[in-house]
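Coordinate-derived values only; no laboratory data. What you are looking at is a predicted structure, and each value in this text was computed from that prediction instead of being measured. Neighbour counts run over all protein chains shown; Cβ positions are idealised from the backbone, glycine included.
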Amino acid sequence: MARVFPGTPGAASGLARKRRKIDDGRREAIVVQLREIILSEGFARTTSDELSARLQCSKSTLYAIASSKHHLVATVLKHFFREAAENVEKEVAAIEDPAARISTYLAAVGTQMRRMSSTCYQDMLEDDATREIYVINSAAAARRVRELVHQGVDAGHFRPVHAEFVAEAVGLLIEGIQNGELLDRTGLSNGDAFMELSDLVVTALTNQPGQQAT
């Protein structure tokens, strides 16, 4: 069952009608501060009052960013995933070797996800709206890996494999990480699971059948 955030949208509707305006710099600074709190501590048990006190700003300032705590958390997580995607792509852009591009991509995803505490990760999965944000971003990661696999196979850098099968298998593994099933079975964190996936995919693409990884 999805959790209900303290400070529901209905409670904030009056504030939403008379939301104050803040400049872009102030908005960005607050979102970054909120991001660090939420990634570190989660959000299900934190109220808007507590957040405004910690940020030393009024609740009306928070509601200038989003109309309720529920929407505020969604805004912060979207900001995190957008920044994470940009950071990952910056790392990949400097890599030419196809195998290194895939391993760098997945390892970079793991590094970004390590910024999120297990508490935040669990809170995110237990709420419908925030889980959807994660699902969308996980699907984007799977599509990106599929693209990198196809590029490497088509260019002849990987051993002959069924590229779409490998890509689909990676997508299923990412889905298993995303829904928590693989994490529960292995005891790995989200970030560590992506690191392991990186090694697995590159080994599968670069080793000949029966060849042991070195």
Determine the dipole magnitude for segment 13-71: charges of +1 sit on the beta-carbon of Lys and Arg, -1 on that of Asp and Glu, nothing else is charged, the reference point is the Cα centre, and the result goes in debye to the nearest 20. 360
Ranked ILE37, ILE136, ILE30, criterion: other C-beta atoms within 10 Å, fewest first: ILE136, ILE37, ILE30
Taking other Cβ within 10 Å of each residue's Cβ, how do HIS70, HIS157 sort, fewest first? HIS157, HIS70
Considering only HIS150, ASN137, SER117, whose Cα is most displaced toward the positive end of the charge dipole of segment 86-158, charges sitting on Cβ of Lys, Arg (+1) and Asp, Glu (-1)? HIS150
Quote the charge dipole size of segment 77-206 about the Cα centre in Debye, to the nearest 20; the model charges only the Cβ of Lys and Arg (+1) and of Asp and Glu (-1). 240
Any idea what the dipole of segment 49-111 comes to, in debye rounded to 20, about its Cα centre with Lys/Arg Cβ at +1 and Asp/Glu Cβ at -1? 360
From the Cα gyration tensor of segment 47-204, with a ≥ b ≥ c the square roots of its eigenvalues, which class applies: rounded if a/c is under 1.5, or else prolate if a/b is larger than b/c, or else oblate? prolate
Label points 7 Å out from Cα along the Cβ direction at GLU132 and SER58: separation in nm? 3.2
Within 10 Å, count the other beta carbons around each residue, average over each peptide in 182-188, 106-112, and list them highest first. 106-112, 182-188
May I ask you to work out the translational diffusion coefficient for segment 13-71 at 37 °C, viscosity 0.692 mPa s, via Stokes-Einstein with Rh from the Kirkwood sum over Cα pairs, reported in whole µm²/s? 281
Could you work out how much longer the chain between VAL92 and HIS79 gets when fully extended? Use 0.36 nm per residue separation minus the Cα distance between them, nm to one decimal. 2.7 nm
Determine, for CYS57, CYS120, the number of other Cβ atoms within 10 Å of each Cβ, and report the residues in order from fewest to most. CYS57, CYS120
